[in-house]
Amino acid sequence: MNKKLISVLFTFALLSGIGYAAAKTVPMRGYGSGIITSATPGPTGVAITATGGGEATHLGKFTREEEILLNPENFTFTGTVVFTAADGSELNCSFAGGFTGATTAAGTYTFTGGTGRFANATGGAYFSVSQSDPQNFTFEFAGTIEMN
């Protein structure tokens with residue numbers, strides 16, 4: 001092989017490795033507050049919507065919108081939340097959890113991509129929620145995220 005071809009192949013191999021090295025799993029944690037904006041009983045549970053905001057690593061200051069389906073028989077819930085970072089990038093996640101007390105709940109987030117810098121995000125976090133009254137709540141979360 002000539003030296004020029006070897007040089008091109010070496011450069012290609014090096015650059016290919018850089019693309020794979022860019023994706024890494026890093027810690028993520030955040031906190032904030034929110035308000036329940038609606039709660040509608042239905043045949044499969046109570047459909048709840050909530051909005052809020054806070055601050056988190058990799059998101060900075062964020063807003064969030066969530067859709068929750070509460071099972072009133074066993075006080076478990078599932079849903080989705082969209083975190084919107086200050087730059088407009090969105091981080092999507094699904095979640096599941098349950099009430100651990102009369103005004104406290106806990107569960108897990110699963111990051112499912114998004115837009116902008118979170119387009120291919122994966123990972124997850126544990127979260128806890130505390131209600132100060134029937135509409136207002138605070139939350140904290142901690143876990144890991146992988147972004148490409």
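Can you confirm whether Val81 is surrounded by 16 or more Cβ atoms within 10 Å (Cβ to Cβ) and either assigned to a strand (DSSP E or B) or not polar (S, T, N, Q) (or both)?
Details: surrounded by 16 or more Cβ atoms within 10 Å (Cβ to Cβ): yes; either assigned to a strand (DSSP E or B) or not polar (S, T, N, Q) (or both): yes.
Against the criterion (surrounded by 16 or more Cβ atoms within 10 Å (Cβ to Cβ) and either assigned to a strand (DSSP E or B) or not polar (S, T, N, Q) (or both)), Val81 qualifies.
Name the one entry in Asn92, Asn136 that is farther than 29 Å from Thr25 by Cβ and of a type outside the set (Lys, Arg).
Numbers: Asn92 fails: farther than 29 Å from Thr25 by Cβ.
That would be Asn136, the only listed residue that is farther than 29 Å from Thr25 by Cβ and of a type outside the set (Lys, Arg).
Sort out which residues of segment 84-105 are among the hydrophobic types (A, V, I, L, M, F, W, C) and surrounded by 14 or more Cβ atoms within 10 Å (Cβ to Cβ), and write them in order of number.
Taking segment 84-105 and keeping what is among the hydrophobic types (A, V, I, L, M, F, W, C), we get 85-86, 91, 93, 95-96, 99, 102, 105.
Result: Ala85, Leu91, Cys93, Phe95, Phe99, Ala105.
Taking segment 59-78, which residues are surrounded by fewer than 16 Cβ atoms within 10 Å (Cβ to Cβ) and among the charged types (D, E, K, R)?
Within segment 59-78, Lys61, Glu67, Glu73 meet the criteria.
Does any residue in segment 36-56 that is among the charged types (D, E, K, R) come within less than 6 Å, Cβ to Cβ, of a residue that is at pLDDT 95 or above six or more places away or on a different chain, and which pairs are these?
What qualifies is Glu55/Lys61.
The values are calculated or read from the model by the stated rules, or taken from the named source; none is laboratory data. Keep in mind that what you see is a predicted model, and the values were worked out from it rather than measured. So basically every Cβ, Gly included, is an ideal-geometry build from the backbone, and we count neighbours across all protein chains shown.
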